[in-house]
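Working notes, beginning with the structure itself.
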Amino acid sequence: MVTKSDTESIQVEIVPNRYLMPATAQSLLNEIYENGGIIRIMIHGPNLPRSVPYGPGKGAPIEENRDLLIEVGGQAFELSVKVGRIRLELESEKYFDGLKAACERALPFSFQIRRGKFFHTRPTLTDYAKFGKVEDTRILGLIDPKANKDRLAILSEEKVTIDDKEER
């Protein structure tokens with residue numbers, strides 16, 4: 001018997017007890033990606049500045065924040081935040097146990113997995129201001145109002161149409 005909870009998507013937040021290094025973040029994201037069932041995912045954490053924002057060294061480049069490229073699902077993108085939380089939406093309840101196992105394999109320290117509602121289901125004013133009419137609901141609520149458009153990475157084989165422009 002198929003129930004509503006079996007077919008309804010669930011939203012999950014993974015909160016490690018410390019910030020993730022890029023290598024750990026990459027292995028965790030790849031484990032999650034291999035588990036399957038992901039509708040959308042958001043990496044959350046404080047920004048990594050490219051230069052010293054204040055003080056006597058203001059404007060000097062920060063070398064340790066360079067080349068933070070990670071590869072997830074065969075697609076490389078640059079990390080611009082310290083990974084502190086990972087929020088994702090799964091297609092159904094059946095992928096949740098695999099997600100827990102993936103986190104246990106990739107994280108060498110403790111973490112929490114929370115269920116709740118973390119993503120918007122209707123367009124916000126920020127979504128409309130950035131993209132106009134949004135037809136693909138996967139990007140709702142993933143928009144940072146202060147960020148450029150190129151800070152949204154879409155890891156999908158399906159084409160996404162945003163404001164009459166096709167993106168991959």
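Candidates Glu34, Glu93: the one that is in the same structural domain as Glu8 (by TED's automatic domain parsing), out of contact with any strand residue (DSSP E or B) (no Cβ under 9 Å at 6 or more places or on another chain), touching a residue at least 60 places away in the same chain (Cβ under 8 Å) and of a type outside the set (Ser, Thr, Tyr) is Glu34. Residues considered: Lys133, Lys117. Of these, the only one that is within 16 Å of Ile41 (Cβ to Cβ) and modelled with pLDDT of 70 or more is Lys117. For segment 39-69, filtering for residues that are surrounded by 13 or more Cβ atoms within 10 Å (Cβ to Cβ) and free of Cβ contacts under 8 Å to residues at least 24 places away in the same chain leaves 3. For segment 14-38, a residue qualifies if it is surrounded by 17 or more Cβ atoms within 10 Å (Cβ to Cβ) and in a strand (DSSP E or B), and the qualifying residues are Ile14, Pro16, Leu20, Ile38.
The values are calculated or read from the model by the stated rules, or taken from the named source; none is laboratory data. These figures come from a predicted structure and were not determined experimentally. Ideal geometry is used to build each Cβ from the backbone, glycine not excepted, and the neighbour counts take in all protein chains shown.
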